[in-house]
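Report on one structure; see the data block that follows.
The values are calculated or read from the model by the stated rules, or taken from the named source; none is laboratory data. Worth saying up front: this structure is predicted, and the values here are computed from it rather than measured. All Cβ positions, glycine included, derive from the backbone under ideal geometry; neighbour counts span all protein chains shown.
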Amino acid sequence: MTIAILALLTLIEGMRRVPAGSVVLRRVLFGLWTVERPEPAERLRLLSWWSPIVTTIVLAPRQSYQKTSVTDLRARLDGRELYTPLFDLRVLGVVELVALVLGVPLALQRFGAIGFFAALGAVVLLCLTIFTALLFGGRKLGKRWGWAFPFLSPFAAPRAAEALLEEALRDVAPAVVGNTLLPEDAFVGWMRPFVYDATNGREVEHRFLEGVNVKELRASLAQRPPSQNGQGLWCPRCGATFIHGDSCSECGVHLVA
Ligand SMILES: [Zn+2]
């Protein structure tokens, strides 16, 4: 019972307000990153399921973006200044999550009050370690000391790695982040509607195309029709496949064979 309540409390930490136009990227453990369509409207969402088990980052729209390339960003993410704290925070986050949700109730059940306080002490120690690691990671990104304080909470501490990564990517154009983190097919597929809109004179938010070569992407898209089994129809804008119909239900664009 206690385990369920603690698990629920940590899960609630994953609830976040997502501004309109945000790009949400997600990965499970060390799996591949996935991306969603930009958020149509601001809303409250359950984003992270027991981060760092599921890591979710939100790229909220910015007025302007850092001039950076995929190569530079990759080098930064793989560099010691970010890679090490991110890795440490992820490992510590998993340990702290398990210690909090399973360790504390089980220690109480097995060893009584002494067990409970010992487990609690371990959780506090882990939180302090996470807080310190996040503080130094954040300092390198130019964050003030106060920024890391919310992550002293044992329920929020597991999210520290996610918060640091999000902070590092905050001013990077979404397409550059996508191109760096996502597998190539996923990235190209995600860019399809933006490229389509730009090519066909439709309205497109320029920030989604920042940092990419539209011409190259268009060529790359032309070589990748969406996977289909046999004689399907598909939407040239979003890449969705259809069995019949003449326009895409989502985009209102004429389907092609
Ligand atoms: Zn479509």
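Quick notes
- Restricted to the range 215-257, and to residues there that are within 11 Å of the ligand (Cβ to nearest atom) and under 26 Å from the mean Cα position of the chain (by Cα), the residue that is modelled with the lowest pLDDT is PRO226.
- Among (1) in contact with a Ser or Thr (Cβ under 7 Å, 6 or more places away or on another chain); (2) within 14 Å of the ligand (Cβ to nearest atom) - the single one ALA186 does not satisfy: (2)
- Among residues that are aromatic (Phe, Trp, Tyr), in contact (Cβ under 8 Å) with a residue 12 or more places away in the chain, over 23 Å from PRO85 (Cα atoms) and in contact with a Leu (Cβ under 8 Å, 6 or more places away or on another chain), PHE155 is not included.
- Residue under evaluation PHE149, criteria (1) under 16 Å from GLU13 (Cβ atoms); (2) crowded, with 17+ Cβ neighbours inside 10 Å; (3) among the hydrophobic types (A, V, I, L, M, F, W, C), criterion not met: (2)
- Note on the range 194-209: residues that are surrounded by fewer than 17 Cβ atoms within 10 Å (Cβ to Cβ) and among the basic types (Lys, Arg) total 1.
- Selection from the range 24-56 of residues that are of a type in the set (A, V, I, L, M) and touching a Phe, Trp or Tyr at 6+ places or on another chain (Cβ under 8 Å): LEU25, VAL35
- Restricting VAL177, VAL188 to those that are at pLDDT 95 or above, within 30 Å of CYS235 (Cβ to Cβ) and buried (at least 18 other Cβ atoms within 10 Å of the Cβ) reduces the list to VAL177.
- Screening VAL95 against (1) under 12 Å from the mean Cα position of the chain (by Cα); (2) farther than 16 Å from ALA168 by Cα leaves a single unmet condition, (1).
- Test for GLU216: is it closer than 30 Å to THR132 by Cα, out of contact with any Asp or Glu (no Cβ under 8 Å at 6 or more places or on another chain), surrounded by fewer than 20 Cβ atoms within 10 Å (Cβ to Cβ) and free of Cβ contacts under 8 Å to residues at least 40 places away in the same chain: no
- Strands (runs of 3 or more DSSP E) enclosed by the range 15-119 - at least 1 residues per element that are more than 22 Å from ALA156 (Cβ to Cβ): 23-28
- Any hit, the range 99-109, residues being without any contact (Cβ under 8 Å) to a residue 12 or more places away in the chain, farther than 22 Å from ARG26 by Cα and exposed (fewer than 14 other Cβ atoms within 10 Å of the Cβ): yes
- Scanning the range 128-135 turns up at least one residue that is more than 24 Å from the chain's Cα centre (by Cα) and not assigned by TED's automatic domain parsing to the domain that holds VAL212.
- Long-range neighbours under 9 Å by Cβ, at least six apart or interchain, first residue among the small types (Gly, Ala, Ser) within the range 187-202, second assigned to a helix (DSSP H, G or I) and within 14 Å of the ligand (Cβ to nearest atom): GLY189/LEU221
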